[in-house]
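A.B. asks: Would you mind keeping the following structure in view while I ask a few things?
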Amino acid sequence: MNKRWEVFQHSSDYRFTPYIMAGDPCEEATIELSLALEQCGAHALELGVPYSDPLADGPVIQRAGMRGLAQNMNLEKTVKLVSKLRERGLKIPVIIFTYYNLLLQLGENRFLKLAEDSGVDGVLVPDLPYEESGYLQKMCSEHNLALISLVSPTTREEKLVRLSSEAEGFLYCISSLGVTGIRSEFRAGLDDFLKAAKQNCRVPVLVGFGLSTREQIQQFDGSSDGFIVGSAIVKKIEELESDLLTNREEAIKTFKSYIESLLPVYSR
Amino acid sequence: MTTATVPDNRGRYGVFGGKYVPETIMFALEELETAFDEAIQDREFNELFQRELAIYSGRPTPLTKADRLSESNGGASIYLKREDLNHTGAHKINNAIGQALLAVRMGKKKIIAETGAGQHGVAAATVAAKYGLSCKVYMGKEDIRRQALNVFRMKLLGAEVIEVTSGSQTLKDATNEAIREWVAAVEDTFYLIGSAVGPYPYPKMVKQFQQVIGYETESQFKEIQKGKLPDAVVACVGGGSNAIGMFAPFIEKDVPLYGVEAAGMGVETAHHAATLSKGSNGVIHGSLTKLLQTSEGQITEPYSISAGLDYPGIGPEHAYLHETKRVTYEAVTDEEALHALKLLCENEGILCALESAHAVAYSLKLAKEMQKDQHIVVCLSGRGDKDVHTLMEFEEGGE
Ligand SMILES: Cc1ncc(COP(=O)(O)O)c(C=O)c1O
């Protein structure tokens, strides 16, 4: 476990992990948005990679991916973007969120070496379930990267025990079935699922998928160690698209006050 | 032969296949695999499936000798396995009946499906009506425009057609969207996939429900030719379901097999759907296979005049049969397919689907290289009524 993960794991806050798409709406905006998120108190950052066929994502993140693709953003550039983020002073763990096909084409080994050298801390592959992840898991440990595991309310009990006890970085608990997107309701029995996930887990348990308001976030405070917000933030970035391209300083200000309105009062 | 051991217990055909899907639906794939394995061991289920194929779809479909076509072409004689004579006009119904019966057996009341040209959508809507299931069909906006007739047919059958506006708005995006819906509704919904693609166990299951094509062919051919096997078997390949069903009984036997992909405007252009000839290894719709993509891994949009072959991936077993060289895969252009379609029409009085015309076109080439006393069987996967509009546009637009 590296220093950045250590800080993340030892934090006593209700950990905030935002997701944004690399290259949305342009590379420099991604850098400034990332820094703004850290200034607002983010404990870690998930950086999405644009993909033509994101089958775990809803419309908001699909559109962000299209914008990233239009900027010719790709996996290799996303990883290299992380070293720029480090140069600009970003200190929190960065997790690359990529579909498996992109990893395969860049080459798993090439990716891992590049990621390690660029200051990446973790990898999350939404279409690579545990059953198919043996090789990447092994290679990630050799390169000091955490392969983030996702568990769902539909994950069988024995598997939940195994995944939560072996989890590295953090354990990602999906709050509801379906793809990423903003939701008004969550699944009944979610607290029990989170409790079960926490039972065997050595790393923080984060809840994600669908969270978009402070009230929703606070509702999981007792049962999890942190939360992930993706679509709601990406949607804000979409709203600010033209300002982020032409009037960035103003846009980042608006973005920060939006993030502050989202966060639980005590986590700032 | 080398193919006896595939798929292995992890759903692999060599390196191909597997289950590259979100964790949320992993349990559903396990549940499906268990239910499917039990069903095909169950005599009652098999008898029910065979009975439905017979009394609902009209099987067995005939094996027709194309006398005049073979004569005018020269070389080997050509036999047509008449999947076009199935209920709803294509082989797609075999698989749809099989999966719908499995859905009923598993107690699922809702099915979802993806469709490109609308053939599988119509088959899914048909079995949903017959077995009293609700049915949602995902279809790209662009395909909805191109295939208005089939959209209307699905609605008549009581299905809900959902327009997909993501990505390039065609079959690959409709499939993404069907998978997304499945992830959301997985607890009570059965995903009725339309070809031998997708995460394991789908490729195995679709093959099982389509292999009736090959087994019927084998026994019909043996009866006509006094126990002999054909000298070549040819089928078109989109996702690969009619081909894998046709090849199934012959893979372990000494029969040359040919899969025919769509070369569209030519494999040397950017406008084709020749996945095996031009694609590379990657993951699409839950399976590791060959696909058409950029060097960075963005999946590209295929092209073919036939909507049913217009798919950037291919079933993992075909990727494997290609790699082991057990099956020879060739590509046929739009123009060659159209020409073959006309020849078949004029010489045999059969209007076949544009997809099937690719297989016919390749058989005509192959026959010329073979002896007069040899025999080729072609899977005529569907009828061409659905393509009349495309054919009219082509006639008016060109020549
Ligand atoms: C008549 C016909 N043949 C062939 C195909 C291609 O599918 P597959 O390769 O799964 O047989 C289709 C698909 O729509 C079809 O409608």
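Read the figures in this text as sums done on the coordinates, not as results from a lab. What you see is a predicted model; the values in this text were computed from it and never measured. When we count neighbours, we look across all protein chains shown, and the Cβ atoms used for this are built from the backbone with ideal geometry, even at glycine.
A.B. asks: So what does log10 I(q)/I(0) come out to for region A:72-149 at q = 0.11, 0.16, 0.18 Å⁻¹, using the Debye formula with one equal point on every Cα and no solvent?
C.D. replies: -0.25, -0.52, -0.66
A.B. asks: What percent does the relative contact order of region B:98-167 come to when contacts are Cα pairs within less than 8 Å and at least six residues apart? Don't skip to the answer; put the middle values down first.
C.D. replies: Numbers: 101 pairs, mean separation 22.2, N = 70.
Contact order relative to length: 32 percent.
A.B. asks: From the mean inverse distance of alpha carbon pairs (Kirkwood) and the Cα radius of gyration, derive Rg over Rh for the protein assembly as shown.
C.D. replies: Details: Rg = 26.3 Å, Rh = 26.0 Å.
That ratio is 1.01, to two decimals.
A.B. asks: Output the peptides B:161-169, A:226-234, B:68-76 sorted from most to least packed, where packing is the average of other Cβ atoms within 10 Å over each peptide's residues. All intermediate terms of the calculation are to be shown ahead of the outcome.
C.D. replies: Working: B:161-169: 18.8, A:226-234: 25.2, B:68-76: 16.9.
Top of the packing list down: A:226-234, B:161-169, B:68-76.
A.B. asks: Work out how far the C-alpha atoms of region B:221-266 reach from end to end along every principal axis, then list the three figures in whole Å, largest first.
C.D. replies: Answer, in whole Å and largest first: 41, 17, 16 Å.
A.B. asks: DSSP loop (so not H, G, I, E, B), at most 16 other Cβ within 10 Å: list which trypsin sites (Lys or Arg not before Pro) in region A:1-92 pass both filters. Could you put the intermediate results ahead of the total?
C.D. replies: Numbers: sites: A:Lys3, A:Arg4, A:Arg15, A:Arg63, A:Arg67, A:Lys77, A:Lys80, A:Lys84, A:Arg86, A:Arg88, A:Lys91; in loops: A:Arg88, A:Lys91.
Sparse-neighbourhood loop trypsin sites (Lys or Arg not before Pro): A:Arg88, A:Lys91.
A.B. asks: To continue, here is another question. Can you work out the Karplus-derived ³J(HN,Hα) for every residue in region B:100-108? Use 6.51 cos²θ - 1.76 cosθ + 1.60 with θ = phi - 60°, whole Hz, and x for glycine or proline.
C.D. replies: Along region B:100-108, the couplings run 5, 5, 5, 4, 4, 4, 7, x, 7 Hz.
A.B. asks: Continuing with the same structure: May I ask you to derive the relative contact order of region B:1-106, considering only C-alpha pairs under 8 Å and at least 6 residues apart, and to give it as an integer percent?
C.D. replies: Reported relative contact order: 19 percent.
A.B. asks: Okay, moving on. With just the Cα atoms defining each centre, how far is region B:116-152 from region A:98-131? Give it in Å.
C.D. replies: Going from one Cα centre to the other spans 37 Å.
A.B. asks: Give A:Lys3/A:Lys91; B:Lys81/B:Lys228; B:Lys109/B:Lys155; B:Lys207/B:Lys253; B:Lys81/B:Lys342; A:Lys77/B:Lys172 a once-over and call out the pairs whose C-alpha atoms are over 20 Å from each other.
C.D. replies: On the way: A:Lys3/A:Lys91 10 Å; B:Lys81/B:Lys228 16 Å; B:Lys109/B:Lys155 18 Å; B:Lys207/B:Lys253 17 Å; B:Lys81/B:Lys342 18 Å; A:Lys77/B:Lys172 26 Å.
Exceeds cut-off: A:Lys77/B:Lys172.
A.B. asks: On to the next question. Any chance you could get the radius of gyration and Dmax over the Cα atoms of region A:123-163, in Å?
C.D. replies: Using the Cα atoms of region A:123-163, the pair Rg, Dmax is 10.7, 31 Å.
A.B. asks: What's the percent breakdown of Cα-Cα distances in chain A across 5 Å bins, shortest bin first?
C.D. replies: Once binned at 5 Å, the Cα pair distances of chain A give 1, 6, 14, 19, 21, 19, 12, 6, 1, 0, 0.
A.B. asks: Can you tell me what percent of all Cα-Cα pairs in region A:145-221 are more than 14 Å apart?
C.D. replies: Across region A:145-221, Cα pairs with separations above 14 Å total 57 percent.
A.B. asks: How large is Rg/Rh for region B:49-182, to two decimals, with Cα atoms and a Kirkwood Rh? Let's see the in-between values first.
C.D. replies: On the way: Rg = 17.2 Å, Rh = 16.0 Å.
Rg/Rh: 1.07.
A.B. asks: Points 7 angstrom from Cα along the Cβ direction at A:Ser184 and A:Glu87: gap in nanometres?
C.D. replies: In this crude label model, A:Ser184 to A:Glu87 measures out at 4.7 nm.
A.B. asks: On average over all directions, what projected area in square nanometres does region B:1-99 have, based on the convex hull of its Cα atoms? It would help to have the intermediate numbers written out before the result.
C.D. replies: Details: hull surface 40.7 nm².
Value for region B:1-99: 10.2 nm².
A.B. asks: Rounded to whole Å and sorted largest first, list the principal axis extents of the Cα atoms in chain B.
C.D. replies: 56, 49, 42
A.B. asks: Give me the Kirkwood hydrodynamic radius of region B:168-251 in Å, from all C-alpha pairs, to one decimal place? Show your work: numbers first, answer last.
C.D. replies: Details: mean 1/r = 0.0683 Å⁻¹.
Hydrodynamic radius (Kirkwood, Cα only) of region B:168-251 equals 14.6 Å.
A.B. asks: How big is region A:1-84 by the Kirkwood estimate over distinct Cα pairs, in Å?
C.D. replies: Numbers: mean 1/r = 0.0733 Å⁻¹.
Radius from the Kirkwood sum: 13.6 Å.
A.B. asks: Rounding to the nearest 10 and keeping the result within 0 to 90°, find how far the Cα-based axis of helix B:43-55 lies from the longest principal axis of chain B.
C.D. replies: Taking the Cα atoms of chain B, the angle to B:43-55 is about 50 degrees.
A.B. asks: For peptide B:279-286, compute the average count of partner chain beta-carbon atoms within 10 Å of each residue's beta-carbon. Write out the running numbers ahead of the final one.
C.D. replies: Working: counts 0, 2, 3, 5, 11, 4, 3, 3.
So the per-residue partner count for this stretch is 4.
A.B. asks: Region A:176-221: Rg/Rh from Cα coordinates, Kirkwood Rh? Present the calculation step by step, with values, prior to reporting the outcome.
C.D. replies: On the way: Rg = 11.1 Å, Rh = 11.6 Å.
Using Cα coordinates only, the ratio equals 0.96.
A.B. asks: In terms of modelled amide H atoms, which long-range or inter-chain residues lie less than 5 Å from the amide H of B:Ala232?
C.D. replies: For B:Ala232, whose amide H was placed from the backbone, the distant partners under 5 Å are B:His375, B:Val377.
A.B. asks: Once you average over the residues of A:51-64, how many Cβ atoms of partner chains fall within 10 Å of each Cβ? Before the final figure, lay out each step's value.
C.D. replies: Working: counts 4, 15, 17, 4, 15, 8, 3, 3, 3, 0, 0, 6, 1, 0.
Whole-number average of other-chain Cβ neighbours for A:51-64 is 6.
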